[in-house]
Amino acid sequence: MPDVPYSAAITSPIHTPVSTSEAAAEIPLIRAHMPELDSVRGVAVLMVMFYHAYYWGMDFSRFPRIEGRLLQLTWVGRLGVDLFFVLSGFLITGLLLNAKSRPDYYRKFYIRRALRILPAYSATLLVLLVTGVSLKFIGLSLMYLSNLTPLFGVAIAYPVLWSLAVEEHFYLLWPLAVRNLSSRALLAGAAAVILMSPLLRWVSFELAAAKGWVSYETFDYTWNSADGLACGAFLAVWLREFAPDRKRFGKEIAALLAIGLALMPFGTLSRHTAAGAALQVVPWHFLFVAVIGAALLAGSRWGGAARSRLLEFLARLATGCTCIT
């Protein structure tokens, strides 16, 4: 996309009038403020809320058959975390690419992350400490290893923290890659993670099964959860490196949607099987990238009509931030 002010981007060289529809069509997909992505984040929040309210720990035998089956459908809400990972990978990579040449690249990024995360995170750990949670778990969580504590012989005392640990590991490693690698190398790296994570999940499943028990905590390890972040990162780099026009990008998003739907039989497999453990989230990642792409297309074309105030409220309530690159 041309590096020119927005007002110049919608004005012809000879200053002929431009219709509203033509001007809207020239609004770039990547903008400083993309509020439609706050709505996507709100969807992720709702999915997780429904999962914990209607599925997690629920005894479905207490309900009539139809109601019980409907409640069981809310298991899909668990994938709200995966949607958040894809969205986070997209937004964080955009932030890093935009600041890549700045002398304060690392300092600005990590100060912003600390200000957004540390106050609430520290308060959470303090509450856990007061309520008697293991000091070993608290100590490992201070180092953002709460998703890896079983590897140290420590039970995960507060499972909610696992996804934040994965995010923090992404924040630790990915800025270094973005700063030092070309866009093509970043695309190759993200693609490698996307391909390797399912294989690692399969290996993790087989190793755990050989010991007689496969815990879901196995899938929370960072290397087993990194492909969602990599999918979002790939999209962010792709849009900046190749700058597809709306028509081409629409076709690319349609192709991703078709691939996700074609692979959906894997998306319904149980994680109690090796294939399900490895591949269950893969078609959903394709769909989530398509959702973000469709939101960008809609937001850059229709603006406020592509937004939901309720979803934006939920997103800000949960994260305390808006989708700014």
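The values are calculated or read from the model by the stated rules, or taken from the named source; none is laboratory data. Here the structure is a predicted model, which means the values were calculated and not measured. Reconstructed Cβ throughout: ideal geometry from the backbone, glycine too, with neighbour counts over all protein chains shown. Heads up: the accessible areas ignore ligands, DNA and RNA and are worked out on the full protein's heavy atoms, side chains in. Shrake-Rupley method; radii C 1.70, N 1.55, O 1.52, S 1.80 Å.
Structural remarks
- Residue that is assigned to a helix (DSSP H, G or I) and within 30 Å of Val237 (Cα to Cα), where the choices are Gly94, Gly139: Gly94
- Ile92 among the β-branched types (Val, Ile, Thr) and over 24 Å from Ala294 (Cα atoms): no
- The set of residues in segment 112-154 that are open to solvent by less than 40 Å² (accessible area, probe 1.4 Å) and of a type in the set (Lys, Arg) contains only Arg113.
- Qualifying positions in segment 59-86 - of a type in the set (D, E, K, R) and either closer than 30 Å to Phe234 by Cα or within 19 Å of the chain's Cα centre (by Cα) (or both): Arg78, Asp82
- Failed item in (1) open to solvent by less than 40 Å² (accessible area, probe 1.4 Å); (2) in contact with a Ser or Thr (Cβ under 6 Å, 6 or more places away or on another chain), with Pro35 passing the rest: (2)
- Residue within segment 300-310 that is within 21 Å of Thr93 (Cα to Cα) and modelled with pLDDT under 90 present: yes
- Filtered by the rule that a residue be surrounded by fewer than 17 Cβ atoms within 10 Å (Cβ to Cβ) and closer than 14 Å to Ile92 by Cα, segment 179-193 gives a lone residue, Arg179.
- Exactly one residue out of Arg271, Arg246 is closer than 29 Å to Ser183 by Cα and either surrounded by 12 or more Cβ atoms within 10 Å (Cβ to Cβ) or more than 17 Å from the chain's Cα centre (by Cα) (or both): that is Arg246.
Rundown of residues vs (1) closer than 27 Å to Phe286 by Cβ; (2) basic (Lys, Arg); (3) out of contact with any strand residue (DSSP E or B) (no Cβ under 8 Å at 6 or more places or on another chain); (4) not in a helix (DSSP H, G or I), yes/no style:
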residue: Leu151; (1), (2), (3), (4): no, no, yes, no
residue: Val154; (1), (2), (3), (4): no, no, yes, yes
residue: Leu164; (1), (2), (3), (4): yes, no, yes, no
residue: Leu173; (1), (2), (3), (4): yes, no, yes, no
residue: Arg179; (1), (2), (3), (4): no, yes, yes, no
residue: Leu187; (1), (2), (3), (4): yes, no, yes, no
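- For segment 276-290, a residue qualifies if it is open to solvent by 20 Å² or more (accessible area, probe 1.4 Å) and either in contact with a Pro (Cβ under 8 Å, 6 or more places away or on another chain) or farther than 24 Å from Met196 by Cβ (or both), and the qualifying residues are Leu279, Val282.
- The residues listed here are Leu199, Leu172, Leu176; of these, the one that is under 20 Å from Gly276 (Cα atoms) and open to solvent by 60 Å² or more (accessible area, probe 1.4 Å) is Leu199.
- Segments classed as helices (runs of 4 or more DSSP H), wholly inside segment 1-88, with at least 1 members that are among the β-branched types (Val, Ile, Thr), closer than 23 Å to Ala243 by Cα and at pLDDT below 90: 20-25
- Options Phe109, Phe50, Phe90: the member that is open to solvent by 60 Å² or more (accessible area, probe 1.4 Å) and of a type in the set (A, V, I, L, M, F, W, C): Phe50
- Taking every residue in segment 193-222 that is in contact (Cβ under 8 Å) with a residue 24 or more places away in the chain and on the phi > 0 side of the Ramachandran plot and pairing it with any residue that is basic (Lys, Arg) and assigned to a helix (DSSP H, G or I), at least 6 positions away or on another chain, yields no pair with a Cβ-Cβ distance below 6 Å.
- Pairs where the first residue, in segment 113-124, is touching a residue at least 60 places away in the same chain (Cβ under 8 Å) and at negative phi and the second is open to solvent by 70 Å² or more (accessible area, probe 1.4 Å) and not in a helix (DSSP H, G or I), C-beta under 8 Å, 6+ apart: none
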